[in-house]
Amino acid sequence: MSSYSAQQSSISENNRSRILQYLYHNGISSRAQIAKAIELTPAAITKITAKLLFRDVIEETGDMEGDKNRRSIGLNLNCAKYHVVGVKFARSLVQIAVFDLKCNRISLTDLPTVDEEHIPETVEQIRATVRQLIADDSSIVAVGMAVPGPYLVEEGRTALVSSMQGWRQVNFIKEFSEAFNVPVFVEQDARAGALAQFLFNPELSEGSLAYYLLGEGIGLGIIDNGSIYYGAHGTATEIGHISVDVNGKPCDCGNIGCLERYCSANAIHERLNEQPSIVPGCEAMTHAQACTALFAKAAAGDKAAMDLTSEVARYIGYGAVNIINAFNPTHIVLGDIISQAGQPLLDEVKKVVRERTIPEVGHDTKITLSNLPTDATVSGAAAVAITNFLEHPSMFFDVA
C-alpha cells in the first residue's frame with residue numbers, strides 16, 4: 001500500500017470511528033446532527049454511514065425531528081448485535097463475563113479459587129471457557145482482559161503481583177493473543193475499571209477521572225480528557241505501592257509500608273486471621289468472602305468489625321489524598337471488593353480528605369462509590385474490548 005493510500009485508509013478509519021463513538025455516546029441521531037458534531041460534510045457522512053448500514057453495524061430507526069422542523073431519519077449503533085467477553089484476573093479470583101456493547105451483562109462465570117501451584121491450569125481453563133463461549137455465541141467479536149498491575153504493556157506481563165508471584169510468569173499476550181478466533185486486548189485492571197466508568201457513566205466523561213481499585217490489590221486508573229495515563233512502561237499510577245508508613249510492613253515490591261499492605265482484601269483477611277473472633281471461620285474463607293463477612297458485621301453494629309472497617313477506610317483515605325495531590329482529578333470512584341463496605345467507608349475517606357488536603361483542592365474533588373451493576377474490573381475488561389471496537393472498526397468487520 002502506498003503512503004498516500006495508507007494515509008487515506010487511516011483517515012477513513014478515523015472518520016468511521018468518530019461516527020460510531022458519537023452514536024455510542026449520544027444515541028439515535030440524524031446524519032445532519034452527526035455531520036455538525038464531528039465536522040464532516042453531509043456527503044461524507046452519507047457515504048460512510050451507507051457502508052455501516054450495509055454491514056448492519058448501525059441501523060435506521062425511522063423518522064425523527066431535525067433542524068427547522070424538518071423530518072430526518074435516525075441512525076443508531078446496533079449495540080445488541082455485538083457481544084464481547086471480559087476476563088478479570090485478581091490473584092486468587094478469575095471472572096469471565098459476556099456483555100453487549102452497552103455493558104448489559106449476558107452471563108458471568110466465576111472460576112474456582114486460584115492458588116499459586118495451579119496458575120498454569122487456570123490459564124488453560126480460561127482458554128477453554130472463552131473458546132466455548134465464542135463457540136456458543138456467534139455475536140462475540142472480541143475479548144478484553146483486565147490484569148493486575150504494574151502491567152508492562154510492551155512485554156505483556158505483570159512486573160509484580162503481591163502475595164501471588166506466580167502470575168509474574170504468565171505472559172498474557174503470548175498465552176491469549178492467538179488463542180481465539182477474535183481479537184484479544186489486555187489492560188491493567190484499574191485502568192480497565194476507569195474505562196468502564198468512563199464508557200458507562202456519561203456524567204464521568206468530562207474532566208479527569210480516577211478509578212481507585214480496592215480489591216485483592218490496590219490500583220489506580222486515570223483518564224484525563226478522554227485519554228488513559230500510562231507512563232513510560234505502562235506502570236504509572238501504581239498507588240498500591242506508595243508508602244503510607246515508612247516504618248511499616250514490608251511489601252513484596254521491596255518497599256516498606258505500602259498502601260496495599262493495609263487496605264487490600266488480602267491485608268484485611270490477614271488481619272481477620274490474626275483476630276478470628278471478629279469473623280469466626282474466616283480462615284476457611286476466600287479474601288472476598290472474609291471482607292463481605294466483615295462488612296456485614298460492621299453494618300450490624302459489631303464494634304470490633306466497625307473499628308477494623310474504619311481503620312481500613314482511613315488508609316484508603318490516605319491513598320485518596322495522594323491521588324488528589326498527584327493527579328488533581330475531577331472525580332474519584334471507589335470500586336471492587338472493599339467498596340462493598342458502602343457509605344461508612346465513603347464517609348471516612350471523605351473525612352480523611354477534608355483533614356489532609358488543601359481545602360480548595362480536596363473540596364472540589366468529587367468522591368463516590370462505583371454504581372456499575374457488575375464489578376467494575378470485569379466490566380472494565382469488557383470496556384477495553386468495546387473501546388477497541390469503537391476506535392478500530394475495520395478490525396471487526398469489512399468496510400471496503
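When we screen LEU133, LEU111 for residues that are within 28 Å of MET285 (Cβ to Cβ) and among the aliphatic types (A, V, I, L, M), the only hit is LEU111.
For region 359-381, a residue qualifies if it is within 14 Å of the chain's Cα centre (by Cα) and β-branched (Val, Ile, Thr), and the qualifying residues are THR374, THR377, VAL378. If the condition is being touching an Asp or Glu at 6+ places or on another chain (Cβ under 7 Å) and open to solvent by 40 Å² or more (accessible area, probe 1.4 Å), then region 287-322 contributes HIS287, SER310, ARG314. Total residues in region 216-235 satisfying the condition of being open to solvent by 20 Å² or more (accessible area, probe 1.4 Å) and either under 19 Å from ASN325 (Cα atoms) or at pLDDT 90 or above (or both): the figure is 7.
Note on region 62-84: residues that are closer than 10 Å to SER29 by Cβ and either aromatic (Phe, Trp, Tyr) or at pLDDT 90 or above (or both) total 4. Do we find a residue being among the acidic types (Asp, Glu) and at negative phi anywhere in region 29-40? Scanning region 29-40, I find no residue that is among the acidic types (Asp, Glu) and at negative phi, so the answer is no.
Listed by first and then second residue, the pairs linking a residue in region 292-303 that is touching a residue at least 40 places away in the same chain (Cβ under 8 Å) and of a type outside the set (A, V, I, L, M) to a residue that is assigned to a loop (DSSP other than H, G, I, E, B) and open to solvent by 20 Å² or more (accessible area, probe 1.4 Å), with Cβ atoms under 9 Å apart and 6 or more places separating them unless they lie on different chains, are THR292/MET285. Residue-level check: of (1) in contact with a Phe, Trp or Tyr (Cβ under 9 Å, 6 or more places away or on another chain); (2) surrounded by fewer than 21 Cβ atoms within 10 Å (Cβ to Cβ), THR109 misses just (1).
The set of residues from region 238-255 being under 20 Å from PRO148 (Cα atoms) and open to solvent by 50 Å² or more (accessible area, probe 1.4 Å) comprises ILE242, PRO250, ASP252, CYS253, GLY254, ASN255. For the structure I just gave you, tell me whether GLU270 is of a type in the set (Asp, Glu) and surrounded by 19 or more Cβ atoms within 10 Å (Cβ to Cβ). Answer is no for this residue.
Quick check on region 142-188: of everything there that is aliphatic (A, V, I, L, M), part of a strand (DSSP E or B) and open to solvent by 20 Å² or more (accessible area, probe 1.4 Å), which residue is farthest from ASP375 (Cα to Cα)? First the steps, then the outcome.
Step one: of region 142-188, the residues aliphatic (A, V, I, L, M) are 142-143, 145-147, 152-153, 159-161, 164, 170, 173, 179, 182, 184, 186.
Narrowing further to those that are part of a strand (DSSP E or B): 142-143, 145-147, 152, 184, 186.
Adding the requirement that they be open to solvent by 20 Å² or more (accessible area, probe 1.4 Å) leaves 152, 184, 186.
Values: LEU152: 24, VAL184: 20, VAL186: 17 Å.
By that ranking, first place goes to LEU152.
Among the residues in region 115-123, are any at pLDDT 95 or above and surrounded by 15 or more Cβ atoms within 10 Å (Cβ to Cβ)? No: zero hits.
The values are calculated or read from the model by the stated rules, or taken from the named source; none is laboratory data. Computed from a prediction, not measured in an experiment: that's the story for all the values here. Heads up, the Cβs are rebuilt from the backbone with ideal geometry, glycines too, and the neighbour counts pull from every protein chain shown. All accessible areas refer to the heavy atoms of the entire protein, side chains included, with ligands and DNA or RNA removed. Shrake-Rupley method; radii C 1.70, N 1.55, O 1.52, S 1.80 Å.
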